[in-house]
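The values are calculated or read from the model by the stated rules, or taken from the named source; none is laboratory data. Here the structure is a predicted model, which means the values were calculated and not measured. Cβ atoms come from the backbone with ideal geometry, glycine included; neighbour counts cover every protein chain shown. All accessible areas refer to the heavy atoms of the entire protein, side chains included, with ligands and DNA or RNA removed. Shrake-Rupley method; radii C 1.70, N 1.55, O 1.52, S 1.80 Å.
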Number of protein chains: 2
Amino acid sequence: MQLQVVDESESNTHPNLMLTKEGVAKIKASLGKVPLFDKVLADAITEIDAEIAIGIDVPIPKDMAGGYTHQRHKKNWFVMQKAGVLYQVTGDKKYAVYIRDMLLEYANMYPTLPIHPTDRSYATGKIFWQCLNDANWLVYVSQAYDCIYDFCTAEERAKLEKNLFRPYADFLSTGNPRFFNRIHNHSTWGNAAVGMIGLVMDDQELVDRALYGLDINKNKKNERDNDGGLIRPEEQKKAGFLAQLDGSFSPDGYFTEGPYYLRYAIFPFLQFSKSLANNKPELGIFEYRDKILEKAVYSLLYQTDANGLFYPINDSQKGMSWKAREVITAVDLAYYHYGNDPMLLSVAQKQGTVALDEAGFAVAKGLADGLAKPMKQKSIAYTDGPDGTEGGIGILRTSTASDNELCVVMKYSAQGMGHGHFDKLSYSLYDETGEIMQDYGAARWVNIDQKGGGRYLKENKTWAKQSIAHNTIVIDETSHYNGDIRIGEKHHPELYYFHGKGDVQVVSAKSENAYTDSNLHRTMVLVKDKNFRHPVLIDVFKATSENKHQYDLPVWFQGQLLLTNFDYEKEATNLTTLGDAHGYQHLWKEAVGKAKGDNAHINWFSNGKFYSMTSVASAEDELIFARLGANDREYNLRHDPAFIIRKKDSKDATFVSVIEPHGAYSWTTELAEDPFTSIEKVNILYDDANYTTIQFSNKAGKEWMLFLAHQNASAEAIHEVDIDGVVYEWIGPYQLK
Amino acid sequence: MQLQVVDESESNTHPNLMLTKEGVAKIKASLGKVPLFDKVLADAITEIDAEIAIGIDVPIPKDMAGGYTHQRHKKNWFVMQKAGVLYQVTGDKKYAVYIRDMLLEYANMYPTLPIHPTDRSYATGKIFWQCLNDANWLVYVSQAYDCIYDFCTAEERAKLEKNLFRPYADFLSTGNPRFFNRIHNHSTWGNAAVGMIGLVMDDQELVDRALYGLDINKNKKNERDNDGGLIRPEEQKKAGFLAQLDGSFSPDGYFTEGPYYLRYAIFPFLQFSKSLANNKPELGIFEYRDKILEKAVYSLLYQTDANGLFYPINDSQKGMSWKAREVITAVDLAYYHYGNDPMLLSVAQKQGTVALDEAGFAVAKGLADGLAKPMKQKSIAYTDGPDGTEGGIGILRTSTASDNELCVVMKYSAQGMGHGHFDKLSYSLYDETGEIMQDYGAARWVNIDQKGGGRYLKENKTWAKQSIAHNTIVIDETSHYNGDIRIGEKHHPELYYFHGKGDVQVVSAKSENAYTDSNLHRTMVLVKDKNFRHPVLIDVFKATSENKHQYDLPVWFQGQLLLTNFDYEKEATNLTTLGDAHGYQHLWKEAVGKAKGDNAHINWFSNGKFYSMTSVASAEDELIFARLGANDREYNLRHDPAFIIRKKDSKDATFVSVIEPHGAYSWTTELAEDPFTSIEKVNILYDDANYTTIQFSNKAGKEWMLFLAHQNASAEAIHEVDIDGVVYEWIGPYQLK
């Protein structure tokens, strides 16, 4: 017996997942010398001591997310993981006893535990309503077990492994191939969970299962998950963690579901990778696929507004930010394993905390040594798809002298699996105060039990995914790809060109498949010019079709409408809906107006700032103010405003707008600075299949012309247009002068 | 000539309004030693040097508030005042030259300047659309002139005084008795302006005019201003600054228009008083009326939420706070003249700045010396009316261990002149995140030109002043006092009792005049109890009448409805208004439900926190969800939600609710703590004209009983009720057990 124990400790040192013996020794030697780490440790001790005082609770699972048993088991995983670290760092056995006793309770319960009674998931768990959460639990708890492995007796380990960990890992893998074998964030958690407990138990079979998946043929074709996502796409050839690394990211680190889900998925990617680096350095996991994990961490950090909030594209809950625990771990591990980038320290500074491990320790030390440099979020175009060939997103950002940022995110990515929205060529706009033109995000209150148990609400499909919920063209009140994921996942728009440097930045992309008989082409130009106090955004959106259609272009401006340059009739006593389907049934039709002259101008106020949009409009266009909230019998939706320019009965439609943040207001001084736009006029001077020329002017009489070439993105190509007998020539796909 | 100059400087030293020669010397001697003051000075130099570089602009007046000429002249007053201080402190003559040259431009313009072309005010100004703003200008500019008085030649002074200051002061006083002779914030500014320039010019006639007003008979009776306020109430016997001090405040420093306007009025009160203290110490102005100005400053600071934002009662723009420039000056002067209260330093700390004068210097020095102590906003009942006999407001506040504050403000004050709202016995509720139950404030966008020139909007009368816009009972869809200021200003509710200490705090007040045939009596009990994570508020609102009525009690809960314990029918495709008049025409009727059982429960989410209200309700009550925004053709209103309990066809109505903040949510951890109320049930056990007994319980089974006596507020009186054969006895007007 004793011999066996010695053998184990020789072959399989503990801890060796997120912590190592050497790392723990280094931390112990520096206690009291690295203030942020000391503070995080002290906070953890306070928290876990309070939990120990309350006592262990391992209830029989029954609730959905948000309900008691869900929340308790979730808390248990966090508490056990932290207690494990505390045992290692402080040496205080009470933490080990607490974990061991709680694990033994789980081990008593697990063997006879049926499938979770809720039965609402394509892969129902045992502890939770979905296998995903069971996997979350094991990713954390395998770390706790690793920390007390040597503390437990061989008998205790045998009981835990036989009654709890091995069957738990089998349930998540061989017991649920639909869950385990996907290229999807769910399966990443599953792979990591099985692999990490395998490493702790030195169970090579589990580790291999995690790395290489189950036989792919265990998964039926054409099955779909609860979000409508395909469980096994035609092209999938491999499964397992390495296949996730190959298939989840584009070559530059973009995650097809978007940053909200990348934030969620990056955690098991990094935790299992760190565990593999400690146990199987020969795999070189942090170097894998040209350091794909480093790219993924940076793509996470770049897909945020000035305050570190993730762009809520696709299914995302707003408010998620750099401060999420997953990003804290990601920043720390990227700092530790990818060259101590001092910019990451400034992110850690904003996070105000670090992970309780050697990576977190290194970051706290870097901060204490004053090494931090400001994080520079840059303009960047990300490709989508494993090969980078399925569209992408383009981020343009620029700042003025006063440090105010304007940032536009244009989305021309692939469908994004079950969490994708039908918003091809949509955009959202941000400044230092947050959203100017919003993406609605998901119709979901994550973990808030009152709202559908914290899961996606039915309005996520009927509203949030629909095209009209986004800042993009909707034809004939029908969403892109007819709102059908099976069509959407076959197509993607294409980037036409991207230029992300200097005072004139441009992103331009085309979609030929969002509608069967129409092509869409949008070009967004972010301009910094000394004649404007803040940067301005020019939006040129061309739709061309073989047939006549109705074209709607909504902007989901955030805030209070102050002024228009056109008259509108606002419904005073009776509100009806704007339409019947594809999201229109959720919109109240508040007001309709007609442009006077050639421009429609709206001016609004939000977060202490004044904004304006000046759009080319004709007297035939309908100018609609809508508000969300119709057909919302359970108060699931926000009551946000939208402005829609509607062009009816047209074969083609070209929408041109200039959006300008121009002033500010203080509630304590009650002074309004520059409450009105400085834009005087916007015109389309020329517009055909090959070229569009825009002219705009400011109130001081200065004029600009924007030339766009639509059929050749070459930087060297020479173009010319003849406007009223004057020939203008330029080089490359755009020119502003 | 030279002799004359020497005489002047002997009899009338400069500067001597807000600055003195001694004060300036003290400041100069300490430059570089008091960091905050140095910073404020450096910022002022940067700002004023930039203005000097831009050059002087004294445009011919033409615009409303928010327009260019208004904003420019307003900026000129601030800039001149600051430049004056800079000249005194730095000795740099460029500041004096700048002021002198700008004043000479005003002196060139003023003699031929007609009345302002807008003609929208009961007292139209010359530089601005109303005399009020002309007076603002002179309060600041008299300080600038004081600072450069000795710098100017006698000829320059003669020209400025003959062409600008004396006619300017005459225009504000003898030229506009309707403006000058009121007991009102407008006239306080007028008095201060005339008095301050009088002190600079050593013009005793002007100083006396300021102190004692014009002959009161110059004002006609029954005239009203633009807000509907009486210009000369029957009882007014005196005018002028001393009469303002007598008549504007209750004996404990409450200002009848509310804190937003107190914040505005306190500035001329303190500036002129400081000037008088320097020039006429024999008046003892800071001691006047038992130190009424000290009480006024503290009442300003106590009428704020945990973040220092003023309660937006009556006509108030939300967002105004401790950080307003007027409050900065008020805090500094109160610190300097009223015993160096270290709590005021912590307010100055939050303000982050000080006034550029000897009071500001003293505060900056106190901060540098580390003397600040936390500001403790306390529970307090303020009386209203010059004699303290016209109702008042009651503020209850309590905090939990986690430093979360719950603060209820109950309003039983007098009408508040033209800026008063028809909301007798209304309340608003705040915690550390801000508003839980809101007061709408004013329908106005101050100085935002797009919205009615920044003035009060018509919706201020049709909506914001109406009773239904507030958290109070509305009978038969008719506002209190029939929404008629002429009735309202004759009446006021009465405080029944106030107890602002300990774990059970109570405010109770009655209104017999809001409706001709009905009496209202509301009792609000703020309870801190270890069984609740946060304090809870119990609201008992009794209406009794000789006749049958419809009683509506709205709560303007802020945030997103999550859950109810009753079914409701929400309008899906067609919204209509809730009523036709008294504000109801602005409400969309979103949903109507009926209680199941005896309680109506709503649960909502705001600012990351969960709140619930559990109300006694019968199956006959209508439970209405309404939303603001109907009959709002110009987008002047916010789209806020309300919940209304409606009792129909009843002689009496007793509304009982328990309001509980109970949980929190984090968008980055996505964890919901205590999302559900801990209240199980609320009952009325006994209710008649003399007594009401409430019982409520929590989900853990603990029960509380609240006994209220309605006819005797004596703390010694013994009461008893017989409930189902059990006799309960208690002492005093309330007991919770």
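For B:His586, the solvent-accessible surface computed with a 1.4 Å probe is close to 10 Å², ligands and nucleic acids excluded. If the label for B:Lys93 sits 7 angstrom from Cα along the Cα-to-Cβ line, what are its distances to the same label in every other copy, in nm to one decimal, shortest first? Nearest first, the other copies' label points are 8.7 nm away.
Return the ratio Rg/(2.2 N^0.38 Å) for chain A, where Rg is computed over Cα atoms only. All intermediate terms of the calculation are to be shown ahead of the outcome.
Details: Rg = 27.6 Å, N = 737, 2.2 N^0.38 = 27.0 Å.
Compared with the compact-globule rule of thumb, chain A sits at 1.02.
By the gyration tensor of its Cα atoms, with a ≥ b ≥ c the square roots of the eigenvalues, what is the shape of the range B:437-575: rounded for a/c under 1.5, prolate for a/b over b/c, or oblate? The shape class here is rounded. Shown here for the range A:14-119: GluC sites (Glu not before Pro) in loop regions (DSSP other than H, G, I, E, B) with at most 15 other Cβ atoms within 10 Å, of which there are none.
Under a point-charge model restricted to the Cβ atoms of Lys and Arg (+1) and Asp and Glu (-1), what is the dipole moment magnitude of the range A:380-736 relative to its Cα centre, in debye to the nearest 20? Could the numbers behind the result be given before it?
Working: 34 positive and 51 negative charges, 165 e Å.
In debye, rounded to 20, the range A:380-736 gives about 800.
Start at zero, step by 10 Å, and the Cα-Cα distances of the range B:226-316 spread as 15, 45, 32, 8 percent across the bins. Taken along the Cα-to-beta-carbon direction at a fixed 7 Å, the label points for B:Leu283 and A:Asn712 span 8.2 nm. Working from label points 7 Å from Cα in the Cα-to-Cβ sense, the A:Lys461 to A:Ala29 distance is 5.9 nm.
How high is the FRET efficiency from A:Val97 to A:Asn217, r the C-beta distance, R0 56 Å, rounded to 0.05?
Working: r = 46 Å, r/R0 = 0.82.
Taking R0 as 56 Å, the efficiency between A:Val97 and A:Asn217 is 0.75.
More than 30 Å apart: what percent of Cα pairs in the range B:568-726 qualify? Could the numbers behind the result be given before it?
Working: 4184 of 12561 pairs.
Here the tail beyond 30 Å accounts for 33 percent of pairs.
Taking the square roots of five times each eigenvalue of the Cα gyration tensor of the range A:475-523, the equivalent ellipsoid has semi-axes of 26, 11, 8 Å, listed largest first. Helices in chain B, meaning DSSP H runs of at least 4 residues, each add -39500 (n - 2.57). Divided by all residues, the mean residue ellipticity at 222 nm is -9500 deg cm²/dmol. A simple rule links phi to the HN-Hα coupling: the Karplus curve 6.51 cos²θ - 1.76 cosθ + 1.60 with θ = phi - 60°, which for the range A:217-228 gives 6, 5, 9, 6, 7, 6, 6, 10, 8, 5, 8, x Hz, with x for Gly and Pro.
Would you calculate the convex hull of the Cα atoms in the protein assembly as shown and tell me its volume per residue in Å³?
Numbers: hull volume 282.4 nm³, N = 1474.
Given the Cα convex hull of the protein assembly as shown, per-residue volume reads 192 Å³.
Maximal additional length on extending the B:Tyr338-B:Arg72 stretch stands at 92.2 nm, based on 0.36 nm per residue less the C-alpha distance.
Please tell me which of these pairs span more than 21 angstrom C-alpha to C-alpha: B:Lys21/B:Lys323; A:Lys62/B:Lys681; A:Lys647/A:Lys737; A:Lys378/A:Lys501? All intermediate terms of the calculation are to be shown ahead of the outcome.
Details: B:Lys21/B:Lys323 29 Å; A:Lys62/B:Lys681 26 Å; A:Lys647/A:Lys737 29 Å; A:Lys378/A:Lys501 9 Å.
As for pairs spanning more than 21 Å Cα to Cα, those are B:Lys21/B:Lys323; A:Lys62/B:Lys681; A:Lys647/A:Lys737.
Rounded, prolate or oblate: pick one for the range A:250-377, where a ≥ b ≥ c are the square roots of the eigenvalues of its C-alpha gyration tensor, a/c under 1.5 means rounded, and failing that, prolate if a/b is larger than b/c, else oblate. The shape class here is oblate.
Here A:Thr573 yields copy-to-copy label distances, from shortest upward, of 2.3 nm, the label point defined as 7 Å from Cα along Cα to C-beta. Peptide packing for B:32-45, B:212-225, B:159-172, A:266-279 was compared via the average number of neighbouring C-beta atoms within 10 Å per residue; ordered from the highest value, the list is A:266-279, B:159-172, B:32-45, B:212-225. Counted over the range A:535-601 with a bin width of 10 Å, the fraction of Cα pairs per bin, in whole percents, is 13, 38, 40, 9, 0.
Show A:Arg455, B:Arg486 ordered by accessible area, largest first, where the area counts protein heavy atoms only and the probe is 1.4 Å.
Listed by decreasing accessible area, they come as B:Arg486, A:Arg455.
As an exercise, take the mean of 1/r over every pair of distinct alpha carbons in the range B:121-262, invert it, and state the Kirkwood radius in angstroms. For the range B:121-262, the Kirkwood estimate is 15.5 Å. Here the extension length gained between B:Glu22 and B:Leu671 equals 227.7 nm, from 0.36 nm per residue of separation less the Cα-Cα distance.
Give, as a single signed number, the net charge of other residues whose beta carbon lies under 14 Å from the beta carbon of B:Lys681, with Lys and Arg counted +1 and Asp and Glu -1. Mind dumping the intermediate values first?
Numbers: positive: B:Lys596, B:Lys699, B:Lys702; negative: B:Asp598, B:Glu660, B:Glu680, B:Glu703.
Net charge around B:Lys681: -1.
For the set B:Ser379, B:Ser413, the ranking by accessible area, highest first and with no ligand, DNA or RNA atoms included, is B:Ser379, B:Ser413 under a 1.4 Å probe. For the range B:620-665 and the range A:573-596, what is the separation of their Cα centres, given in Å? Rounded to whole Å, the Cα centres lie 25 Å apart.
Can you give me the % of accessible surface on the range B:224-347 that is carbon or sulfur? Probe 1.4 Å, all protein chains present, nothing else counted.
Roughly 52 percent, rounded to a whole number.
List the trypsin sites (Lys or Arg not before Pro) in the range B:510-568 that DSSP assigns to loop (not H, G, I, E or B) and whose Cβ has at most 15 other Cβ atoms within 10 Å. Which are they? Mind dumping the intermediate values first?
Values: sites: B:Lys510, B:Arg522, B:Lys528, B:Lys530, B:Arg533, B:Lys542, B:Lys548; in loops: B:Lys528, B:Lys530, B:Arg533, B:Lys548.
Answer by residue number: B:Lys530, B:Lys548.
Annotation for the range A:671-737 versus the range A:355-416: alpha-carbon center distance of 31 Å.
Relative to the current alpha-carbon distance between A:Glu680 and A:Ala619, full extension at 0.36 nm per residue lengthens the span by 20.1 nm. Take every DSSP beta bridge whose two residues both sit in chain B; close to 100 percent of them are antiparallel. Note: relative contact order over the range B:250-377, using C-alpha pairs below 8 Å and six or more positions apart, is 23 percent.
Placing pseudo-labels 7 Å out from each Cα toward the beta carbon at B:Ala572 and A:Asp722 gives an inter-label distance of 5.9 nm. Distance from a point 7 Å along Cα→Cβ of B:Asp49 to each backbone N in the range B:64-96: keep the residues under 19 Å and list them by number. Hits in the range B:64-96 for B:Asp49 at 19 Å: B:79-96. In terms of the Cα gyration tensor, with a ≥ b ≥ c the square roots of its eigenvalues, is the range A:380-736 rounded because a/c is under 1.5, prolate because a/b exceeds b/c, or oblate? The shape class here is rounded.
Between the alpha-carbon centres of the range B:188-223 and the range A:132-160 there is a gap of 83 Å.
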